[in-house]
Amino acid sequence: MKGIRKVKVSAVSYLNSLPFIYGLEKYGKIIELIDLQKDIPSVCADKLINNDVEIGLIPVAEIRKIKNSFIVSNYCIGAFGKVETVLLLSDVPVFEIKKIYLDYHSRTSVNLLKILVKKHWKTKVEYINGEEGFENNIKGKTGGLIIGDRAFSYLEKFKYVYDLSEEWTRYAKLPFVFAAWVSNSELEDEFINEFNNALKFGLENKGKIIENYRTKNNNSNIDIEKYLNSDISYFLDSEKRKGMELFLELLRKEIL
């Protein structure tokens, strides 16, 4: 790998990206070739858009904002059916919701929600940009979109829980891709191959990752094995690409 410069990489710091982080930190000497930064999804996107990093595990809705975007991996954060960590929560059925707080962590989930509200549920609501602590305002006819690891702790707190990945599958009959590995410039093939080998290595070691998580979080009520092995689907196959293309097409048409 002689002559390859250190590449700045922004990765999502959620449970679903643990295999990717593990691979990038443990596989061969890849960690010596990258400057690995861990962020929430929206920050990953901002860094890539602003050229602060060269690769990001970014919300797919943000790909359209990058002038020269390249999907550099056949691995992603995707799901077919329930994903457990992208939720619309409410005290009332979705058709009775008047306002929805939007999570500031990810713009893909926000746009997915808006598409489902309009196209799938065919209703109208007022959207409110959520700030830290917005979860406390979810009550009555005001719902809230919560994403990421903290969504697990809200699964049992509300009468109505809508899993947006599951609702997308009902609407589109396709899987959903939440985040993909994207670069804002062309990178050397040798580096890209090594990068993908690292991601593959991480996925092949999910057993160790699950064991490590349980050791460090022995009081956790999260079924980490089910989440990483069943809820999250990591391979960017043809069906996920179709789902991603449909989502991006809807974004263009709806101008969200």
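Any read-out appearing in this document is the output of simple, stated calculations on the displayed coordinates, not a laboratory observation. Computed from a prediction, not measured in an experiment: that's the story for all the values here. Every residue, glycine as well, gets a Cβ built from its backbone with ideal geometry; the counts of neighbours run over all protein chains shown.
For region 4-22, the residues whose backbone nitrogen is under 15 Å from a point 7 Å from the Cα of ASN197, taken along Cα to Cβ, are 4.
About its Cα centre, region 86-172 has a charge dipole of approximately 480 debye under the convention of +1 per Lys or Arg Cβ and -1 per Asp or Glu Cβ, with nothing else charged. Once both labels are positioned 7 Å from their Cα atoms along Cα-to-Cβ, the gap between LYS65 and GLU254 label points is 1.7 nm. In region 86-172, taking the dipole from charged Cβ atoms about the Cα centre, the farthest positive-side position among HIS120, TYR101, SER90 is held by HIS120.
Applying the criteria of a DSSP loop state and at most 12 other Cβ atoms within 10 Å to the GluC sites (Glu not before Pro) of region 89-163 yields GLU131, GLU132, GLU156.
Annotation note: trypsin sites (Lys or Arg not before Pro) in region 115-163 located in DSSP loop regions with a Cβ neighbour count of at most 14 within 10 Å are LYS122, LYS124, LYS141, LYS157, LYS159. Each Lys and Arg adds +1 at its Cβ and each Asp and Glu adds -1 at its Cβ; summed about the Cα centre, the chain shows a dipole of about 640 debye. Could you tell me which of rounded, prolate or oblate describes region 86-172, using a ≥ b ≥ c as the square roots of the eigenvalues of the alpha-carbon gyration tensor, with rounded for a/c under 1.5 and, failing that, prolate when a/b is larger than b/c and oblate otherwise? Rounded, since a/c falls under 1.5. For ARG170 and ARG5, a Förster radius of 35 Å and the Cβ-Cβ distance give a FRET efficiency of 0.15, rounded to the nearest 0.05.
Which angle between 0 and 90 degrees, to the nearest 10, do you get for helix 206-216 versus the longest principal axis of the chain when only C-alpha atoms count? In the chain, helix 206-216 runs at an angle near 70 degrees to the longest axis. Database remark: amide H of SER73 closer than 5 angstrom to the amide H of TRP181 (H placed geometrically; neighbours at sequence offset of 5 or more, or on other chains; Pro and chain starts carry no H). Top mean-square fluctuation among ILE58, ILE192, ILE147, Gaussian network model of the chain, C-alpha springs under 10 Å? In this elastic network of the chain, the residue with the biggest mean-square fluctuation among ILE58, ILE192, ILE147 is ILE192. Remark: the LYS118-ASP237 segment gains 40.1 nm on full extension, using 0.36 nm per residue and subtracting the alpha carbon distance. The distance separating the Cα centre of region 1-61 from that of region 148-212 comes to 14 Å. A cut-off of 5 Å between modelled amide H atoms, ignoring neighbours fewer than 5 places along the same chain, links LEU155 with no other residue.
3J(HN,Hα) couplings calculated from phi for region 231-238 with the Karplus curve 6.51 cos²θ - 1.76 cosθ + 1.60 (θ = phi - 60°) are, in sequence order, 6, 8, 10, 9, 8, 7, 7, 5 Hz; Gly and Pro show x. Is the shape of the chain rounded, prolate or oblate, going by the alpha carbon gyration tensor and its root eigenvalues a ≥ b ≥ c, with a/c under 1.5 for rounded and a/b larger than b/c for prolate? Here the chain falls in the prolate category. Only Lys, Arg, Asp and Glu carry charge here, each on its Cβ (+1 for the first two, -1 for the last two); on that basis region 5-146 has a dipole of about 600 debye about its Cα centre. Its DSSP H runs of at least 4 residues, each contributing -39,500 (n - 2.57), put the calculated 222 nm mean residue ellipticity of the chain at -9500 deg cm²/dmol, to the nearest 500. Near the amide H of VAL83, within less than 5 Å, lie the amide hydrogens of SER165, GLU166, all on another chain or at least 5 residues away, with H placed in the peptide plane. For region 108-256, the relative contact order is 32 percent, taking Cα pairs closer than 8 Å that sit 6 or more residues apart in sequence and dividing their mean separation by the residue count.
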